[in-house]
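Visitor: Got a structure here, written out as structure tokens. Questions coming.
The values are calculated or read from the model by the stated rules, or taken from the named source; none is laboratory data. What you see is a predicted model; the values in this text were computed from it and never measured. Here the Cβ positions follow ideal geometry from the backbone for every residue, glycine too, while neighbour counts run over all protein chains shown.
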Amino acid sequence: MSPSATTKSAPPPTLGKTTEIISTKPSTTTPNDPTNSIPAWVKPDLTRLLRVEHLEGNFAARSISLVDLQPGAVFARISNPTPAKCAYTSVQAARDLHIELNCDLVYINHSCQPTLIFDMARWEVRVNPNLGKGLSKGDELTFFYPSTEWDMSQPFDCLCKEGECRGTISGAKDTAPEILKQYWLNTHIEALLKEKKA
């Protein structure tokens, strides 16, 4: 996960229809509580789902959707993770578990108006259920970092330029509760928020 925020640019040219999406059914049971366990998935073919654009500058890459999907639909499974320390490239999967994605999903940037959610209880990346129009080919793939991250290793100033831009992004621990209520959050973030409130 890149610490850069999204950048606005014209959508890429039409890439043609994607006629097949590889099945990514799990090869083992998904844990209900991913405390310190990582499931084994069949590795999906992400080249059918996204295109990574490497731009000029540090941390300047972004991912573009190659598919159209309805709100809430599964975009991809988190298929090849390894345990990691909290880092700018890691994703927090549970209270005491950070992972490296080890695939092009790492290039999905933050946005204060995200197109995706990272559901770490299911080990899935899904289309944001609040994205009324769904995901379209050419859309930038983004998610709201505090939805997975309690305390980020490298906070940054968001550059998404959305009307709802939240400014400095440093994790759910430092984000106002009234802001977090507007977003889908992982269960480990919700639990940590309840503990903080208590």
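Visitor: Could you pull out the residue among A198, A191 that is loosely packed, with under 15 Cβ neighbours inside 10 Å, out of contact with any Asp or Glu (no Cβ under 6 Å at 6 or more places or on another chain) and touching a residue at least 60 places away in the same chain (Cβ under 8 Å)?
Guide: After ruling out the rest, the residue left standing is A191.
Visitor: Give G171, G167, G163, G132 a once-over and let me know the one that is surrounded by fewer than 17 Cβ atoms within 10 Å (Cβ to Cβ), at positive phi and out of contact with any Leu (no Cβ under 6 Å at 6 or more places or on another chain).
Guide: Only one candidate passes the filter, namely G167.
Visitor: For segment 174-184, give me the residue count where each residue is surrounded by 11 or more Cβ atoms within 10 Å (Cβ to Cβ) and out of contact with any strand residue (DSSP E or B) (no Cβ under 9 Å at 6 or more places or on another chain).
Guide: The total comes to 3.
Visitor: Just checking, how many residues over segment 161-186 are small (G, A, S) and within 18 Å of the chain's Cα centre (by Cα)?
Guide: Looking only at that region, the number is 3.
Visitor: In segment 84-96, is there at least one residue being touching a strand residue (DSSP E or B) at 6+ places or on another chain (Cβ under 6 Å) and more than 17 Å from S147 (Cα to Cα)?
Guide: Yes; the residues of segment 84-96 include at least one that is touching a strand residue (DSSP E or B) at 6+ places or on another chain (Cβ under 6 Å) and more than 17 Å from S147 (Cα to Cα).
To keep it simple, each residue is scored yes or no on (1) at pLDDT 95 or above; (2) closer than 18 Å to L185 by Cα.
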residue: R62; (1), (2): no, no
residue: D68; (1), (2): yes, no
residue: T89; (1), (2): no, no
residue: A94; (1), (2): yes, yes
residue: L97; (1), (2): yes, yes
residue: N102; (1), (2): no, no
residue: T115; (1), (2): yes, yes
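Visitor: D139 - would you say it is surrounded by 19 or more Cβ atoms within 10 Å (Cβ to Cβ), touching a residue at least 24 places away in the same chain (Cβ under 8 Å) and touching a strand residue (DSSP E or B) at 6+ places or on another chain (Cβ under 8 Å)?
Guide: yes
Visitor: Additional query: Looking only at segment 97-129, which residues are of a type in the set (G, A, S) and surrounded by fewer than 24 Cβ atoms within 10 Å (Cβ to Cβ)?
Guide: Passing the criteria: only A121.
Visitor: What tally of residues in segment 78-93 results from selecting those that are assigned to a loop (DSSP other than H, G, I, E, B), closer than 17 Å to F156 by Cβ and in contact with a helix residue (DSSP H, G or I) (Cβ under 8 Å, 6 or more places away or on another chain)?
Guide: Total satisfying the criteria: 1.
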